[in-house]
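The values are calculated or read from the model by the stated rules, or taken from the named source; none is laboratory data. From a predicted model like this one, the values you see are computed outputs, not experimental measurements. FYI the Cβ positions are ideal-geometry reconstructions off the backbone, even for glycines, and counts take in every protein chain you see. Remember, those area values only see protein heavy atoms, side chains included, never the ligands or the DNA or RNA. Shrake-Rupley method; radii C 1.70, N 1.55, O 1.52, S 1.80 Å.
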Amino acid sequence: MSRIAKRFAETRASGRAALVPYVTAGDPAPDVTVALMHDLVAAGADLLELGVPFSDPMADGPVIQLACERSLAHGTSLRDVLAMVAAFRERDRETPVVLMGYLNPVERMGAETFAEAAGAAGVDGVLVVDLPPEESDELTGVLARVGIDPIFLVAPTTSSRRLEHVTAAARGFIYYVSLKGVTGSQTLDPAELGARLSSIRALTELPLGVGFGIRDAQTAAQVARVADAVVVGSAIVRLVEQFPAAPDQFRAAASALVREMRAAMDDARMAEAPAPV
């Protein structure tokens, strides 16, 4: 059983929704990332999503675009990101780590070289935003050989026919983009979200994680009532801008936000649980 499958089995057994914080590797500086990953786990993260900085992050809003720019200004490369995962694994062998990024850096490294390096570093899942499942056979094939789950996105506009392609190719979990837009934009409708997730569950047994639009603990709690996982990115990354020259304060603020979200999510699930007989 993969680390991702094991973690979702644990959260389901305990009646919790998994909390998946996203941070951009190398932001605000490369030497902060590994310590921040450990902080987030200590604050209640179940999985970690580590963004690979890219110069044209088309799915991301201004907050994560700026994070990519800050990271790239330090020269952070895909190999540097894999080295960060390997350093994280020196202390934490249990928490799943998913890389989220774009196809160009993977193609430059080469799919097979990337997969082997990611597997050796301890990566558990890879989400390539601009790689559709219809064109993913080469990468998913080499990822499968090293035990890494390919994660795919679905959106409110995804048709049932296309959803069948996505669920056939995906492993680990399905990442549902809750909004028609980029990261950090708009607000979500919990009722509409719940109905959409129910229709997706009719087509797959994979866990469903929801991201984009998770702004605060209240929103995280609303999503936790209907989703298997809550993915939060811009709300955490935005804190870098509040402490541009104080990485320790940023780490503390990010940990506090994750801890607050974890508590709100757990309270929401407890409120939904049936009363004991």
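Residue by residue through the range 1-12, note down the ones that are in a loop (DSSP other than H, G, I, E, B) and either open to solvent by 50 Å² or more (accessible area, probe 1.4 Å) or within 22 Å of E260 (Cα to Cα) (or both).
Once the filter is applied, which keeps residues that are in a loop (DSSP other than H, G, I, E, B) and either open to solvent by 50 Å² or more (accessible area, probe 1.4 Å) or within 22 Å of E260 (Cα to Cα) (or both), the range 1-12 yields only M1.
Taking A35 as meeting all but one of (1) within 17 Å of the chain's Cα centre (by Cα); (2) among the aliphatic types (A, V, I, L, M); (3) open to solvent by 10 Å² or more (accessible area, probe 1.4 Å); (4) farther than 20 Å from A263 by Cβ, write down the number of the exception.
(1)
Among the residues of the range 162-173, are any open to solvent by 20 Å² or more (accessible area, probe 1.4 Å), touching a residue at least 40 places away in the same chain (Cβ under 8 Å) and assigned to a helix (DSSP H, G or I)?
no
Which ones in the range 51-105 are of a type in the set (V, I, T), under 26 Å from F8 (Cα atoms) and in contact with a helix residue (DSSP H, G or I) (Cβ under 7 Å, 6 or more places away or on another chain)?
Matches in the range 51-105: V52, V85, T95, V97.
Would you check if there is a residue in the range 13-22 being assigned to a helix (DSSP H, G or I) and basic (K, R)?
No, every residue in the range 13-22 fails to be assigned to a helix (DSSP H, G or I) and basic (K, R).
Going residue by residue through the range 142-152, is there one that turns out to be in contact (Cβ under 8 Å) with a residue 60 or more places away in the chain, open to solvent by 10 Å² or more (accessible area, probe 1.4 Å) and under 30 Å from A256 (Cα atoms)?
Within the range 142-152, one or more residues are in contact (Cβ under 8 Å) with a residue 60 or more places away in the chain, open to solvent by 10 Å² or more (accessible area, probe 1.4 Å) and under 30 Å from A256 (Cα atoms).
In the range 76-108, how many residues are part of a loop (DSSP other than H, G, I, E, B), of a type in the set (S, T, N, Q) and without any contact (Cβ under 8 Å) to a residue 60 or more places away in the chain?
2
Look at the range 72-89 and say how many of its residues are hydroxyl-bearing (S, T, Y) and either open to solvent by 50 Å² or more (accessible area, probe 1.4 Å) or modelled with pLDDT under 95 (or both). Working first, answer last.
Applying the first criterion (hydroxyl-bearing (S, T, Y)) to the range 72-89 yields 76-77.
After this cut, where a residue has to be either open to solvent by 50 Å² or more (accessible area, probe 1.4 Å) or modelled with pLDDT under 95 (or both) as well, the list is none.
Final tally of qualifying residues: 0.
Within the range 130-139, identify whether any single residue is of a type in the set (S, T, N, Q) and in a loop (DSSP other than H, G, I, E, B), and answer yes or no.
For the range 130-139, residues of a type in the set (S, T, N, Q) and in a loop (DSSP other than H, G, I, E, B): present.
Just to be sure I understand, how many residues within the range 54-71 are in contact (Cβ under 8 Å) with a residue 40 or more places away in the chain and either in contact with a strand residue (DSSP E or B) (Cβ under 6 Å, 6 or more places away or on another chain) or not charged (D, E, K, R) (or both)?
Number satisfying all stated conditions: 12.
With the condition kept exactly as written, say whether any residue in the range 128-138 is modelled with pLDDT of 95 or more and open to solvent by less than 10 Å² (accessible area, probe 1.4 Å).
Checking the range 128-138: not a single residue is modelled with pLDDT of 95 or more and open to solvent by less than 10 Å² (accessible area, probe 1.4 Å).
Taking the range 227-268 as the search range and keeping residues that are closer than 18 Å to P190 by Cα and out of contact with any strand residue (DSSP E or B) (no Cβ under 8 Å at 6 or more places or on another chain), which one is surrounded by the fewest Cβ atoms within 10 Å (Cβ to Cβ)?
The extreme case among them is D267.
Restricting to the range 205-224, name every residue that is free of Cβ contacts under 8 Å to residues at least 60 places away in the same chain and either in a loop (DSSP other than H, G, I, E, B) or farther than 18 Å from R262 by Cβ (or both).
E205, L206, L208, F212, G213, I214, R215, D216
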